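Novice: I'd like to ask some things about the structure below.
The values are calculated or read from the model by the stated rules, or taken from the named source; none is laboratory data. Small disclaimer: the values here were computed from a predicted structure and weren't measured. Heads up, the Cβs are rebuilt from the backbone with ideal geometry, glycines too, and the neighbour counts pull from every protein chain shown. Note: accessible area is taken over every heavy atom of the protein model, side chains too, but ligands, DNA and RNA are not part of it. Shrake-Rupley method; radii C 1.70, N 1.55, O 1.52, S 1.80 Å.
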Amino acid sequence: MSEYTSLEDSDCKIFFGSFQFDFRDRLEVGMGQKGHIFDVFVILMFVLSVSTITKATESKDGFEQCEHIVKQWASSSLDLEVKDDKHVLQNLLFFLHVPRTGGRTYFHCFLKKLYASSLECPRSYDKLRIDPRKPKCRLLVTHDDYSMMSKLPKDETSVVTILRNPIDRVFSAYEFSVEVAARFLVHPNLTSATKMSGRLRSRNTISTLDIWPWKYLVPWMREDLFARREAREQNGHSVVTSTNPYDMEEMVMPLHEYINHPIAQDILHNGATFQVAGLTNNSYLTEAHDVRHCVLKYQSLGDYVLKVAKKRLDDMLYVGLTENHKESATMFANVVGTQAISQFTGSRSHGDHAAKNSSEQSSSLLESDFDTTYHQSNSSYQKPSQISSAERGEAAKENMTAGKLMDAYESCISNLRKTQSERRVNSLKKIAPANFTKEGRRQVSEALLQEITSLNRLDVELYKYAQTIFANQHKRMLQNKVVTNELDSGFVDSYSAFSWEAIAVAVFMLFVILIAVLFVTAKRRTSKLKL
């Protein structure tokens, strides 16, 4: 039933879809005739039944079609070959940065110490300007999803990522959206703020508004903040009565409103799963839109996406956890850091001449057709032996070890966090008394927390799976350390034993030589006396 209008004396009509029934003649005969009323009732019930059956059939057909689309995508994704040894760092490192997981600290405090700027793929974090084909491109750090692998040589690429508890990640995304949007409140109105953003971007300056997913979330929140500020001004700066910063609607969009908005539904919820699966609205895959549409429409189909995302995690070189910060950083230094240092330091004995020749060969390759040659050859990615001394990161130049790298990391994040904290405080002053803290989060109701959990069902399951992977990684790292220590200890013991044996043999030989000399000397003296 698509539309209904009530009976009137002058114009009595009922509409059901494309069916129209005119009862004017019947009313003139008399509404008292029960037979006619019964006929109308039967017709109405028939039309209603047909409409219901039609909708059910369409719904069933729609689900089956979507199920076919999602299954086909999942099957092709799961059939991809896995590298022989996923624990070995390849020539290109792809850091798949899930937003609000602490990946920025890894980029600045780990990776920029391991890889020189000249080895970074251009314009990381900015999809429109990323060029993974750059000669000697060895490091790609971006919010782009796993579909970026379609642009990279799979056999020569190692992928790493960090995941976070989904509830905390939603909180952090909400807070960061507000924080960045609040910076624009220095402008008198939204028009002025938008024009300023446009002028900055026209100068080829990269801002948060150019980066996924903030290019969607921040403008939406910015518009909302300006609307609420105008409402307060019109109302004469009404007093804020709420003490809960996550439900202070006079100042900022409440959290419950934020998580139920279509934009958040499309981008934020289960965002980690979609990103690892390569199905965000920023995906490079042509079929991503259809798969996303089907999964968002029929939630049960999300299990296929979850299965693919789990396999992707299995195939990664490293999976960290935001909540296990210290352990994750230590593992990254030992698993990724030591291999990167080894790759670069192992190339010191090679001259820069080979690197120059290789670079020239790579440049000529890039002049050919990218689609036909790029995925078949890794020539555009220099081998560790082809990196010149000037292009090695500071860690390799300083004979860095995993321990020293961790010390440098701790010092770096301390300064970075201080700067980020100051900027956050200054931004949130513009929407005071709203202030996001750990204490403020405790005021959020249990019902809202449960709703966030339900909306992020796939991310919750993926995070649990990541915790298992993390535990296995940690166990393997400790085992490798034990083996390394045993080998080092055995070498020292063997060397010590060899040293003492050598000394003993040398002393014995000297003793024998001394006896021989004394014997010969005594014999000569005896011969002289006889003469």
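Novice: Just to be sure I understand, how many residues within region 442-469 are of a type in the set (Lys, Arg) and surrounded by 17 or more Cβ atoms within 10 Å (Cβ to Cβ)?
Specialist: From region 442-469, those of a type in the set (Lys, Arg) are 442, 457, 464; that's our starting set.
Within this subset, residues satisfying the condition of being surrounded by 17 or more Cβ atoms within 10 Å (Cβ to Cβ) are 457.
So the answer is 1.
Novice: Now for a separate question. Quick test of your reading of the structure: SER342 fulfils all but one of (1) farther than 16 Å from VAL160 by Cβ; (2) under 16 Å from the mean Cα position of the chain (by Cα). Name the failing condition by number.
Specialist: In the conditions (1) farther than 16 Å from VAL160 by Cβ; (2) under 16 Å from the mean Cα position of the chain (by Cα), SER342 misses (2) alone.
Novice: For region 60-103: of the residues being among the charged types (D, E, K, R) and modelled with pLDDT under 90, which is nearest to the chain's Cα centre (by Cα)? Step through it out loud before you land on a result.
Specialist: In the first step, residues of region 60-103 are kept if they are among the charged types (D, E, K, R); the result is 60-61, 64, 67, 71, 79, 81, 83-86, 100.
Next, only the ones that are modelled with pLDDT under 90 stay: 60-61, 79, 81, 83-86.
Working: LYS60: 35, ASP61: 35, ASP79: 22, GLU81: 22, LYS83: 21, ASP84: 24, ASP85: 22, LYS86: 19 Å.
The residue in question is LYS86.
Novice: Determine if region 175-198 includes at least one residue that is modelled with pLDDT of 90 or more, closer than 22 Å to ASP144 by Cβ, in contact with a helix residue (DSSP H, G or I) (Cβ under 7 Å, 6 or more places away or on another chain) and not hydroxyl-bearing (Ser, Thr, Tyr).
Specialist: Yes, region 175-198 has at least one match.
Novice: Let me ask something else. Listed residues THR5, THR52, THR57; which is at pLDDT below 50, open to solvent by 30 Å² or more (accessible area, probe 1.4 Å) and hydroxyl-bearing (Ser, Thr, Tyr)? First the steps, then the outcome.
Specialist: Numbers: THR52 fails: at pLDDT below 50; THR57 fails: at pLDDT below 50.
Being at pLDDT below 50, open to solvent by 30 Å² or more (accessible area, probe 1.4 Å) and hydroxyl-bearing (Ser, Thr, Tyr) holds for just one of THR5, THR52, THR57, which is THR5.
Quick grid of which residues meet (1) under 15 Å from the mean Cα position of the chain (by Cα); (2) open to solvent by less than 60 Å² (accessible area, probe 1.4 Å); (3) not β-branched (Val, Ile, Thr):
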| position | (1), (2), (3) |
| --- | --- |
| ALA264 | no, yes, yes |
| ILE267 | yes, yes, no |
| ALA277 | yes, yes, yes |
| LEU285 | no, yes, yes |
| CYS294 | no, yes, yes |
| LYS297 | no, no, yes |
| GLY302 | no, yes, yes |
| ALA309 | yes, yes, yes |
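Novice: In region 311-335, which residues are part of a helix (DSSP H, G or I), within 17 Å of the chain's Cα centre (by Cα) and of a type in the set (A, V, I, L, M, F, W, C)? Spell out how you get there, then give the answer.
Specialist: The first filter runs over region 311-335 and keeps only residues part of a helix (DSSP H, G or I), leaving 311-314, 325-335.
Those still in the list that are within 17 Å of the chain's Cα centre (by Cα) too: 311-314, 325, 328-329, 332.
The answer is LEU313, ALA329, PHE332.
Novice: When region 84-104 is examined, which residues are found to be touching a strand residue (DSSP E or B) at 6+ places or on another chain (Cβ under 7 Å) and either aliphatic (A, V, I, L, M) or closer than 28 Å to TYR216 by Cβ (or both)?
Specialist: Quick first cut of region 84-104, residues touching a strand residue (DSSP E or B) at 6+ places or on another chain (Cβ under 7 Å) only: 89-90, 92-98, 101-103.
LEU89, LEU92, LEU93, PHE94, PHE95, LEU96, HIS97, VAL98, THR101, GLY102, GLY103, listed by residue number.
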